[in-house]
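Remarks on the structure that follows.
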Amino acid sequence: MRSRIARTAGSNRGFTLVEIMASIAVTAVVLGAGIATYVGTIRSWDGTSSLAHIQREASLAMDVVTRQIRGASSIAINDDGDSLSVYYETESGESLAAAYYLGDCSLRDIDNGVVVPSVSAVTFTSIDSRTVNIDITLTDDMGTPDLDSDDQTTLMSSTVACRN
């Protein structure tokens, strides 16, 4: 019985080179898949976050402009359709209350203040003297200006009528 134990213990010498190489290869594949999954998740998160951000900005811009138009007595759009003037009725007649236009990649107001940044296009289309269709396009390059393939773009449209 003693010799049997000795023979079994003596034949257990460790791992072979093939076994070690196979375990290293399996570990490398598992780590590679984990890293690829992590990087993909981060890129997906960044894209979703960027899209949500520009959608909030587009909604904000649309809200600001539509509030002004709803309280107005009349509106005027320039020939290019990229500038809108909003007029309110006063005791002395109509007076300019607000103006919006595209300038320096942002929607700007009458005081040249930025209403919302990252605006790539804005179009005002007159339906009649009191109703306007607004199209605002925002673009975000996600911090990689060399790549156009990962840009996020949102188009927000609305039709608004003066109520006064």
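Please treat every number below as a calculation from the coordinates, not as lab data. Computed from a prediction, not measured in an experiment: that's the story for all the values here. Every residue, glycine as well, gets a Cβ built from its backbone with ideal geometry; the counts of neighbours run over all protein chains shown.
In which sequence would 19, 89 go, from the one with the fewest C-beta neighbours within 10 Å to the one with the most? Please list the in-between numbers first.
Details: 19 10, 89 15.
Ranking 19, 89 by Cβ neighbours within 10 Å, fewest first, gives 19, 89.
Once you list every other residue whose beta carbon is under 13 Å from the beta carbon of residue 134, what net charge do they have if Lys and Arg are +1 and Asp and Glu are -1?
On the way: positive: 67, 70; negative: 63, 82, 135.
So the surrounding residues net to -1.
If each residue's Cβ is checked for other Cβ atoms within 10 Å, how do 79, 109 rank with the fewest at the top?
On the way: 79 6, 109 15.
Sorted ascending by nearby Cβ count, the order is 79, 109.
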*Contour minus end-to-end for residue 41 and residue 130, with contour as 0.36 nm per residue of separation and end-to-end as the Cα-Cα distance?*
27.3 nm
*All other residues with a Cβ under 11 Å from the Cβ of residue 116 taken together, and with Lys, Arg as +1 and Asp, Glu as -1, what is their net charge?*
-1
_Angle check, please: helix 2-11 long axis (alpha carbons) against the longest principal axis of the chain (alpha carbons), in degrees 0 to 90, nearest 10._
40
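Treat every Asp and Glu Cβ in the chain as -1 and every Lys and Arg Cβ as +1, leave all other atoms uncharged, and give the resulting dipole magnitude about the Cα centre to the nearest 20 debye.
Details: 11 positive and 21 negative charges, 421 e Å.
Its charge dipole is roughly 2020 debye.
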*Among 60, 17, 96, which one shows the biggest mean-square fluctuation in a GNM of the chain, springs joining Cα atoms closer than 10 Å?*
17
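Between beta-carbons, use under 12 Å as the cut-off and find the net charge around residue 70, counting Lys and Arg +1, Asp and Glu -1.
Values: positive: 67, 130, 163; negative: 63.
With Lys, Arg at +1 and Asp, Glu at -1, the neighbours total +2.
What order do you get for 88, 38, 101 when you list them from fewest to most C-beta neighbours inside 10 Å? Mind dumping the intermediate values first?
Working: 88 16, 38 10, 101 19.
Going from sparsest to densest Cβ surroundings: 38, 88, 101.
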*Which log10 I(q)/I(0) values, to two decimals, does the chain give at q = 0.14 Å⁻¹ under the Debye formula with one point per Cα?*
-0.80
